[in-house]
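Engineer: Take a look at this one; I'll ask things after.
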Amino acid sequence: MSTRPCFEWIKPRHDRMPEECGVVGMYDAGGAPVSEALYYGLYALQHRGQESAGIALSDGRGIRYHKAMGLVTECFSEGATLKNLGNGSIGIGHVRYSTAGSSQVVNAQPLVVRYKNGTMALAHNGNLINAQHIRGILERRGVISQTALDTEVIANLIARFSGDDIVGAIRRTMEYIRGAYSLVIMTETQLIGVRDPGGVRPLALGRLGDAYMIASESCAFDAVGADFIRDLRPGEIVVVDRSGLRSIQTETPPQSHLCIFEFVYFARTDSVIDGVSVYQARENAGRLLARSAGVEADMVSGVPDSAITAAIGYSKESGIPYGEGLAKNRYVGRTFIQPQQSRRETGVRIKLNALRKNVQGKRVVLVDDSIVRGTTSRKIVEMLRCAGAREVHMLISSPPVVYPCFFGIDTPDREQLIGARNSVEQIRAKIGADTLCYLPIEDLLKTVDGAVCGFCQGCFNSEYPLDPDAFREFCPPLE
Ligand code: AMP
């Protein structure tokens, strides 16, 4: 457990905010310890969550865990922390990234709970629409909550439905919960992966020697030398135990809904999700943007890191040379999440700086993957102008973000989304660019050509896989 002093206070429920996360799990049939591979797997998923990290391990008899606030390397800073977890050959891990309201170690994962059949640990990526409603029902029946996590609602339901077989309990739980969930669950003797019926968040299966691995993104397999086997199917439950691996397919809607924002911004460029290379999708986006925007310029630059690939695509398609317009402090994480606007603005300045030598006197096309509040764009346009850029053309490799996400990407309320309240021309004026062009949604869909799934584009067009209003209070009778 964390050696840091623990000062927590439990926030009122309305303070709970969406969160973004990465999950990993591993089961070694040969009994080899999995802690190190889990650690490096989590490290590879750090971009999915930078606020807290945790690992839970089972040695077949009991579960030990450690979770703390901070980056993976901070949470497990002394090798001793990892060693203290023991030599368990089953394990799961989690990285999390939330907003200020719920940024407390009590909400770090994996969530480890005792229930009638023993102990289970859960790590969850995604957001449920009806978790608060179910939690309310459970609490009115005397169930106690320790955290603000949707994951705790899932754990409560699994425990409640548990007979002898945890898979039956998970299946029943899936009848109650609505929303996005990619889960890794561990008992003392099993590793289980679950992907929600819409397949909203990614979850993949890999293999390393005698071990099976489950992770949010394939880059976690590459980091430890594991082979990617396949993505979990929407609605699939995969169980790994002494008898090997088995798959249970639950009912799914006719169309799946992988979050397209994973390709725009969230996932790592070297991951492949549901048959689509994130790198390729971003390069395609840049190329299509060049075709639709057609701006004259002397250089193309990308906002590091997430827009570099799209900028390279833009440069290849337009023939305008690629150059670095901005330097990034690589020790700064994703600044977007800072709770106060003033801190967000300072965050941009600390993270990015214009490269005067490269941009001076030039007409610069600056590619970014998205505009959410507009803070980043406004600051970097200003920086480039101060550094002597003659023109700054801001080109965005996705459509305007107009609607919030209810499924696990932390977009703010509509009032804070610059795209919800302003026309493209008004946004251009606000960020001070000479040109502002977005990638049309039809083109965004072309970037993921060849995918074996459908896509949620809710943040762009409000077509969500589930109507949040219709399902917010969904809960079949609980006996
Ligand atoms: P903003 O400054 O609010 O307009 O945010 C846009 C910037 O944040 C872009 O540079 C994106 O790369 C990045 N971004 C977009 N969505 C997210 C997100 N959900 N979490 C963190 N950063 C994001």
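Engineer: How large is the dipole of the range 21-272 about the Cα centre if only Lys and Arg carry +1 and Asp and Glu carry -1, each at its Cβ, rounded to the nearest 20 debye? Before the final figure, lay out each step's value.
Structural biologist: Numbers: 23 positive and 24 negative charges, 142 e Å.
For this selection, approximately 680 debye.
Engineer: Taking the inverse of the average 1/r across all pairs of different Cα atoms in the range 138-263, what Kirkwood radius in Å do you get? List each step's numbers first, then the result.
Structural biologist: Details: mean 1/r = 0.0644 Å⁻¹.
15.5 Å is the Kirkwood radius here.
Engineer: Lysine pairs, Cα distance under 14 Å, 8 or more residues apart or cross-chain: how many in the range 275-457?
Structural biologist: Details: LYS328/LYS351; LYS328/LYS379; LYS351/LYS379; LYS379/LYS430.
Taking the range 275-457 as the scope, the lysine pair count is 4.
Engineer: Which value, in debye to the nearest 20, describes the size of the charge dipole of the range 275-457 about its Cα centre when Lys and Arg Cβ atoms bear +1, Asp and Glu Cβ atoms bear -1, and nothing else is charged?
Structural biologist: Working: 25 positive and 19 negative charges, 142 e Å.
Approximately 680 debye in magnitude.
Engineer: Using alpha carbon centroids, what distance separates the range 434-479 and the range 155-174, in Å?
Structural biologist: 29
Engineer: With both partners inside the chain, how many of the DSSP beta bridges are antiparallel, as a percent to the nearest 5?
Structural biologist: On the way: 67 of 84 bridges.
Percentage antiparallel, nearest 5: 80.
Engineer: Right, another one. From the backbone phi of the range 58-64, what are the Karplus-calculated ³J(HN,Hα) couplings (6.51 cos²θ - 1.76 cosθ + 1.60, θ = phi - 60°) in whole Hz, Gly and Pro given as x?
Structural biologist: Result, rounded to whole Hz: 10, 9, x, 10, x, 10, 10.
Engineer: If you don't mind, there's one more thing I want to ask. Compute the signed sum of charges (Lys and Arg +1, Asp and Glu -1) over the other residues within less than 12 Å, Cβ to Cβ, of ARG160. Display every interim value, and only then the final one.
Structural biologist: Working: positive: LYS116, ARG141, ARG172; negative: GLU479.
So the environment of ARG160 carries a net charge of +2.
Engineer: Modelling each spin label as a point 7 Å along the Cα-to-Cβ direction, I'd like the ASP467/LEU445 distance in nm, to one decimal.
Structural biologist: 2.1
Engineer: On to the next question. Apply the Karplus curve 6.51 cos²θ - 1.76 cosθ + 1.60, θ = phi - 60°, to the phi angles in the range 181-194 and return the couplings in whole Hz, x for Gly and Pro.
Structural biologist: With the stated coefficients, the range 181-194 comes to 8, 10, 10, 10, 10, 9, 9, 4, 10, 9, 10, 10, x, 9 Hz.
Engineer: Going by amide H atoms built from the backbone, whose H comes under 5 Å of the H on ARG363, apart from near neighbours?
Structural biologist: HN-HN under 5 Å from ARG363: ASP298, MET299, ARG390, GLU391.
Engineer: With only Lys, Arg, Asp and Glu charged, each at its Cβ (+1 for the first two, -1 for the last two), find how big the charge dipole of the chain is about the Cα centre; round to the nearest 20 debye.
Structural biologist: Working: 53 positive and 53 negative charges, 237 e Å.
With Lys and Arg at +1 and Asp and Glu at -1, about 1140 debye.
Engineer: Give, in nm to one decimal, the length gained when the segment between ASN117 and THR252 is fully stretched (0.36 nm per residue of separation minus the Cα-Cα distance). Please list the in-between numbers first.
Structural biologist: On the way: separation 135, 0.36 × 135 = 48.60 nm, distance 2.88 nm.
Roughly 45.7 nm would be gained on extension.
Engineer: A further question on this structure: In square nanometres, what is the average projected area of the Cα convex hull of the range 255-380? Could you put the intermediate results ahead of the total?
Structural biologist: Values: hull surface 35.5 nm².
Orientation-averaged projected area of the Cα hull: 8.9 nm².
Engineer: Evaluate the relative contact order of the range 275-457 (contact order divided by residue number), counting alpha-carbon pairs under 8 angstrom at least 6 apart; express in whole percent.
Structural biologist: Taking the mean separation of contacting Cα pairs over the length of the range 275-457, I get 23 percent.
Engineer: How would you classify the range 65-151 from its alpha-carbon gyration tensor, with a ≥ b ≥ c the square roots of the eigenvalues: rounded for a/c under 1.5, else prolate if a/b is greater than b/c, otherwise oblate? Intermediate results must be reported in sequence, preceding the final value.
Structural biologist: Values: a/c = 2.51, a/b = 1.50, b/c = 1.67.
Because a/c hits 1.5 or more and a/b fails to exceed b/c, the range 65-151 counts as oblate.
Engineer: Amide H of ASN130 versus every other amide H placed in the peptide plane: which residues, excluding those fewer than 5 positions away on the same chain, fall under 5 Å?
Structural biologist: ARG178
Engineer: Still on this structure: Which one, GLY118, GLY209, ALA433, projects farthest toward the positive side of the charge dipole computed for the chain from Cβ point charges (K/R +1, D/E -1)?
Structural biologist: It is ALA433, whose Cα lies furthest towards the positive end.
Engineer: Which value in nm describes the separation of the simple spin-label points at GLU175 and CYS386, placed 7 Å from the Cα toward the beta carbon?
Structural biologist: With each label placed 7 Å out from Cα toward Cβ, I get 6.0 nm.
Engineer: Ordered by packing density, taken as the mean number of other Cβ atoms within 10 Å over each peptide's residues, highest first, how do 268-280, 413-425 rank?
Structural biologist: Details: 268-280: 20.5, 413-425: 14.0.
With the highest mean Cβ count within 10 Å placed first, the list reads 268-280, 413-425.
Engineer: What order do you get for 228-234, 399-405 when each peptide is scored by the mean count of other beta carbon atoms within 10 Å, highest first?
Structural biologist: On the way: 228-234: 19.1, 399-405: 21.4.
Per-residue Cβ counts within 10 Å, averaged per peptide and sorted highest first, yield 399-405, 228-234.
Engineer: Charges on Cβ only, +1 for Lys and Arg, -1 for Asp and Glu, centred on the Cα centroid of the chain; of SER398, ASN358, ILE137, which one is farthest towards the dipole's positive end?
Structural biologist: ASN358
Engineer: Find which of ASN329, PRO304, ALA451 sits farthest along the positive direction of the dipole of the range 275-457, computed with +1 on the beta-carbon of Lys and Arg, -1 on that of Asp and Glu, about the Cα centre.
Structural biologist: The Cα lying farthest towards the positive end belongs to ASN329.
Engineer: Follow-up. List the lysines whose alpha-carbon lies under 18 Å from that of LYS67, not counting same-chain residues fewer than 8 positions away?
Structural biologist: Hits, sequence-local ones excluded: LYS83.
Engineer: To the nearest whole percent, what portion of all C-alpha pairs in the chain is separated by more than 42 angstrom?
Structural biologist: Working: 18531 of 114481 pairs.
Result for the distance tail: 16 percent.
Engineer: Quick one: 3J(HN,Hα) in Hz for the range 396-412, Karplus 6.51/-1.76/1.60 with θ = phi - 60°, rounded, Gly and Pro as x.
Structural biologist: So the Karplus estimates, Gly and Pro as x, are 10, 7, 8, x, x, 7, 10, 10, x, 9, 9, 10, x, 10, 7, 8, x Hz.
Engineer: What residues have an amide H closer than 5 Å to that of ARG373, excluding those fewer than 5 places away on the same chain, when H is modeled at 1.01 Å from N in the peptide plane?
Structural biologist: When sequence neighbours closer than 5 places are left aside, the close amide H contacts are ILE418.
Engineer: I need to check one value: relative contact order of the chain, counting alpha carbon pairs closer than 8 Å and at least 6 residues apart, in percent.
Structural biologist: Numbers: 1169 pairs, mean separation 66.8, N = 479.
That works out to 14 percent.
Engineer: Using 1/(1 + (r/R0)^6) with R0 = 25 angstrom and r between the beta carbons of GLU139 and VAL167, what's the FRET efficiency to the nearest 0.05?
Structural biologist: Values: r = 27 Å, r/R0 = 1.07.
FRET efficiency, GLU139 to VAL167: 0.40.
Each reported figure results from applying straightforward, stated rules to the coordinates on display, with no laboratory input. Values in this document were obtained by computation on a predicted structure and should not be read as measured data. All Cβ positions, glycine included, derive from the backbone under ideal geometry; neighbour counts span all protein chains shown.
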